[in-house]
1. Out of the trypsin sites (Lys or Arg not before Pro) in the range 105-198, which ones are loop residues according to DSSP with at most 14 other C-beta atoms within 10 Å?
2. Taking amide H positions as placed in the peptide plane 1.01 Å from N, state which residues far from Asp190 in sequence (5 or more) or on other chains have amide H under 5 Å from it.
3. Using r as the Cβ-Cβ distance of Thr391 and Leu9, and R0 as 25 Å, what FRET efficiency do you calculate, to the nearest 0.05?
4. What do you reckon, how do Cys359, Cys400 stack up by accessible area (1.4 Å probe), largest on top?
5. Using the Cα centre of the chain as the reference point, and only Cβ charges (+1 on K/R, -1 on D/E), how large is the resulting charge dipole? Debye, rounded to the nearest 20.
6. Considering only protein heavy atoms, what is the solvent-accessible area of Met129 at a probe of 1.4 Å, reported in Å² to the nearest 10?
7. Between Arg381 and Arg135, what's the calculated FRET efficiency when r is the beta-carbon distance and R0 is 41 Å? Round to 0.05.
8. May I ask for the distance between the Cα centers of the range 266-281 and the range 12-82, given as a whole number of Å?
Amino acid sequence: MQLVASTNLPILFGTSGWRGVLAEDFTVERARAAVTGIARWLSEGAVSRPVFVAHDRRFLGERFAMLAAAVLNAEGIRPILVKGAVATPVVSHGVVRTRAAGALVFTASHNPPDYQGLKVLGASGGGLMSEATRRIEALAAQALAEGGAEPAWYLANPRVVDLVAPYLADLLGQIDRTALRRSGLSVVYDALHGTGAGVLDVALRRCGVSVLTLHGDTDPTFGGFSPDPVPERLRELARAVRKGSGLRIGLATDGDADRLAVVDGAGHCLSETHTLALLVDHLARSGRVRRGVALSVATGSLVERVASSHGLSVKRLPIGFKYLTQALLDGSADVAGEESGGFALEAFARDKDGVFAGCLLAERVATRRRPLHACVRELERLFGASACGRTSVPATALACDALASLTEAPPSRLGREAVRGADTSCGLRIELADGFLMLRASGTEPVIRLYGEAPNARRLALRLAAGARLLAAR
């Protein structure tokens with residue numbers, strides 16, 4: 001098999017790995033160079049421990065994993081192939097459990113079906129910091145320039161391990177199985193054809209929960225849509241939840257199952273901020289969070305208010321879960337969450353884990369035996385209303401120029417609202433009297449993301465629309 005690159009763009013790692021359109025930016029030649037760069041970076045650190053190589057359900061994932069194992073072996077790094085298509089959180093857990101040197105995971109997460117990608121996990125189980133990825137980029141560029149003989153596609157007699165079974169065993173030891181079994185809770189789970197299927201649903205069934213799985217089959221086209229659990233993708237899930245009776249919720253994960261979305265019993269999608277606030281409140285009440293909470297700068301303020309009510313410190317960090325992982329590692333936080341549905345509890349995971357987050361949310365519902373919408377209303381009654389959301393616009397030259405201008409000279413008003421402050425350390429975050437608007441170029445695909453918080457859904461929609469107009473006006 002030989003695919004020829006149609007671009008001379010450098011191999012660049014964004015907030016969560018390197019991603020590109022398959023057969024255009026993400027080709028065999030460029031993937032080989034990227035893995036060579038990773039192998040040489042590992043060699044610079046005198047790594048002696050093995051490295052896992054895994055893939056999700058995307059097109060050619062298994063072939064790329066086999067190629068990566070052969071390249072690593074040729075560079076003197078011991079590869080271990082992970083059995084089958086597997087969720088990224090399962091691999092992260094395996095790295096920590098076995099004390100591996102790290103892992104390469106071929107996944108483009110929530111990107112469109114024509115994308116492929118490569119995530120690199122360090123020995124902590126989390127993503128690499130920028131210093132490491134910049135070095136890998138330089139080494140990959142050297143390897144790409146070298147060219148050279150094409151190595152074998154397959155490594156003879158590779159070591160293959162199953163990471164799902166030990167992951168499930170450890171996960172089940174972290175949640176209240178008795179409460180789940182006695183609750184009568186039913187769950188509809190939309191795997192979006194991703195690798196959460198066979199993991200999240202299996203975990204809940206082993207706890208005695210009734211689970212209906214949607215889109216659990218393998219489909220590299222993901223039904224023709226991005227495997228991103230945003231509200232417009234969850235309409236079928238919402239309908240299925242509404243048809244049920246009794247205590248029930250809907251859960252969904254993205255393509256590699258590291259992010260979670262939630263639907264309440266009435267079929268309404270919870271914002272990522274509501275979900276994270278519920279999780280932090282539940283973990284604090286059950287004594288599993290004591291040190292503090294790490295949040296991305298685009299996460300809504302409700303989580304911060306809930307955490308503060310439990311006496312927990314809150315640290316705000318740039319977008320990119322790798323920064324939150326560092327807070328878990330240095331001990332300043334024992335739980336972390338972000339605006340796009342990523343969550344981690346240090347006692348079990350140091351990188352975002354949509355499977356574990358889903359199980360914990362089900363545990364909360366089972367323990368309190370109250371519908372999710374009632375739990376959200378209670379939090380907002382105690383700590384104030386919060387409507388959070390996100391959208392995106394294409395990263396056209398006009399939009400990118402507008403964002404650069406806005407970052408250099410932030411506006412004094414957003415429509416009729418006065419701007420109370422601006423932070424340009426991670427894109428542009430505009431502080432308003434009752435929330436915020438944030439604009440930032442995506443690190444994973446050619447879009448500009450808009451994040452916002454407002455007192456209600458109508459005000460949030462107006463705020464996001466105003467942000468889109470800013471990007472089109474200059």
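1. Answer by residue number: Arg159.
2. Here the answer is Leu214, Leu251, Ala252, Thr253, since their amide H atoms fall under 5 Å of that of Asp190.
3. After rounding, the FRET efficiency stands at 0.40.
4. My answer, sorted largest first, is Cys400, Cys359.
5. With Lys and Arg at +1 and Asp and Glu at -1, about 1440 debye.
6. Counting only protein heavy atoms, Met129 exposes about 60 Å² to solvent.
7. Plugging the Cβ-Cβ distance into 1/(1 + (r/R0)^6) gives 0.25.
8. Computed from Cα coordinates, the inter-centre distance equals 35 Å.
The values are calculated or read from the model by the stated rules, or taken from the named source; none is laboratory data. These numbers were taken from a predicted model, which means no experiment stands behind them. Glycine gets a Cβ as well: all are built from the backbone with ideal geometry, and neighbour counts include every protein chain shown. Just the protein is used for accessible areas: all its heavy atoms, side chains included, with ligands, DNA and RNA removed. Shrake-Rupley method; radii C 1.70, N 1.55, O 1.52, S 1.80 Å.
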